[in-house]
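Here is the structure we will look at, set down as structure tokens.
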Amino acid sequence: MQKRNEGPVTILAIESSCDETSCAISRDGIILSNIIAGQAVHEQYGGVVPELASRAHMQNIVPVVDAAMKKAGCTIDQLTAIAFTQSPGLIGSLLVGSQFAKSLAMSLDIPLLAVHHMQAHVLANLIPGAANPAAGTPVAEPVALPSFPFLCLTVSGGHTQIVVCHSPLKLEVIGETLDDAAGEAFDKSAKLLGLPYPGGPLIDKHAKDGDAGRFSFPEPQIPGLNFSFSGLKTAILYFLQEQKAKDPRFVEKNLSDICASIQGRIISILLNKLKKAARTTGIKDLCIAGGVSANSGLRQAFRETGESLGWRTFIPAFQYCTDNAAMIAITAHYKYLAGDFAPLSASASARAEW
Ligand code: KG4
Ligand code: ZN
């Protein structure tokens, strides 16, 4: 494998850990394109079916890579390195992306970069123009990025973590969920309400018209900076059973208020732990990341909490919250600069170890 020492660093990055096939091209840490193909095939099953996800990745990967190269105006001879999501995720899905990336790196004789999906979610906050203190609005000018060390609440479908980011390549997990992830809490609650998968965005949508104070769900008392969401799921299940026994149309009549109340509780669980983490570490630059950071209620509550406590808050642009290859590209860029290359024998892993 050859590392080019001159010219811009142009990275082709692939993300295929779950049910999105994505390819991004970055040049010197600037994202030139970020193409994402979703997989509608899972909707009818109420969750991601691993085998169907792998097959869909196989169908999507070549067109997605082509589209990313075209949008970036990039030719194959300009590529300096190939990056892929190595772990964690669905093993069959990861294998499609990793084999594709390895074949490309080998045939072009350029370096390979293996990226951890959770680290990439955190570093989405370092995408230039993607994070800013008033996130949510499109950014035309370069804006401030968080300073190191910063804290990041990473909330996705499979993980919930509070991480101290000491530098792009040095991350320390200081709190995480003991059971369900925040995204699962949203998706499982949505399922109990009869909403299709993935339910998180739908709860967000219905919650906008609802009263979060209408129904009260318990906040678990977990020591330290860890989280637990399985008790909330059970409380919602019993609450709905009880109410539906009295009125079979209870959910239909009160959907917005139920969604707002569930969302409000998930947000308060997340932000109470984040406040504790900020207090104990003394860190004032705070970020959120991962699919659940696309939630409008969380984005707003995070910003408001930051204003009242004197934090600088950062949120990735919407398209960099849920799974995307741009976050793999930015992480790979830092790995490239550090010379942290992977051998062609690097294998994908379903497990989460950093
Ligand atoms: O980061 P991500 O795209 O994939 C994983 O790495 O897991 O996160 C997916 C999760 C799903 O649970 C989905 O329901 C949730 O993010 N999600 C949301 C919203 N958008 C995505 N949850 C609440 N509100 C949203 N707007
Ligand atoms: Zn993710």
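A few points about this structure:
- Of the residues contained in the range 25-48, one or more are found to be of a type in the set (Gly, Ala, Ser), within 16 Å of ligand 2 (Cβ to nearest atom), within 16 Å of Asp323 (Cβ to Cβ) and in a strand (DSSP E or B).
- Here the range 163-177 is the region considered, the condition is being within 15 Å of Leu153 (Cα to Cα) and without any contact (Cβ under 8 Å) to a residue 24 or more places away in the chain, and the residue that is farthest from ligand 2 (Cβ to nearest atom) is His166.
- Residues of the range 279-292 that are open to solvent by 10 Å² or more (accessible area, probe 1.4 Å) and away from ligand 1 (no atom under 14 Å from the Cβ): Arg279, Thr280, Thr281, Gly282, Ile283, Lys284, Asp285.
- Screening the range 206-227 for residues that are of a type in the set (D, E, K, R) and closer than 19 Å to Leu270 by Cβ and picking the one that is modelled with the highest pLDDT gives Lys208.
- In the range 217-246, the residues that are within 18 Å of Asp257 (Cα to Cα) reach residues that are hydroxyl-bearing (Ser, Thr, Tyr) with C-beta atoms within less than 6 angstrom, at least six apart or across chains, in these pairs: Ile236/Ser189.
- Check on Leu104, touching a His at 6+ places or on another chain (Cβ under 7 Å) and in a helix (DSSP H, G or I): no
- Taken as a whole, the range 128-146 holds no residue that is at pLDDT 95 or above, of a type in the set (Ser, Thr, Tyr), surrounded by fewer than 21 Cβ atoms within 10 Å (Cβ to Cβ) and more than 11 Å from ligand 1 (Cβ to nearest atom).
- For the range 178-216, a residue qualifies if it is open to solvent by 30 Å² or more (accessible area, probe 1.4 Å) and within 15 Å of ligand 2 (Cβ to nearest atom), and the qualifying residues are Glu184, Asp187, Pro198, Pro201.
- Screening Ala235, Ala207, Ala190 for residues that are closer than 18 Å to Ser296 by Cα and touching a Phe, Trp or Tyr at 6+ places or on another chain (Cβ under 9 Å) leaves exactly one candidate, Ala190.
- Pick from the range 301-327, criterion part of a loop (DSSP other than H, G, I, E, B) and open to solvent by 10 Å² or more (accessible area, probe 1.4 Å), ranking: nearest to Gly200 (Cα to Cα): Thr322
- Residue ID - farthest from Tyr197 (Cα to Cα), chosen from residues in the range 23-72 that are among the β-branched types (Val, Ile, Thr) and out of contact with any strand residue (DSSP E or B) (no Cβ under 7 Å at 6 or more places or on another chain): Ile30
- Residue match in the range 311-326 (condition: more than 16 Å from ligand 2 (Cβ to nearest atom) and small (Gly, Ala, Ser)): no
- First in the range 30-51 and within 15 Å of Gly157 (Cβ to Cβ), second anywhere and crowded, with 17+ Cβ neighbours inside 10 Å and β-branched (Val, Ile, Thr), Cβ under 6 Å, 6 or more apart: His42/Val48; His42/Val49
- For the range 247-278, the tally of residues that are open to solvent by 60 Å² or more (accessible area, probe 1.4 Å), without any contact (Cβ under 8 Å) to a residue 12 or more places away in the chain and not acidic (Asp, Glu) stands at 3.
The values are calculated or read from the model by the stated rules, or taken from the named source; none is laboratory data. Being a predicted model, the structure only gives us computed values, none of them experimental. Methodologically, a virtual Cβ is constructed for each residue, glycine included, from the backbone with ideal geometry; neighbour enumeration extends over all protein chains shown. Calculation scope for accessible area: heavy atoms of the full protein, side chains included, ligands and nucleic acids excluded. Shrake-Rupley method; radii C 1.70, N 1.55, O 1.52, S 1.80 Å.
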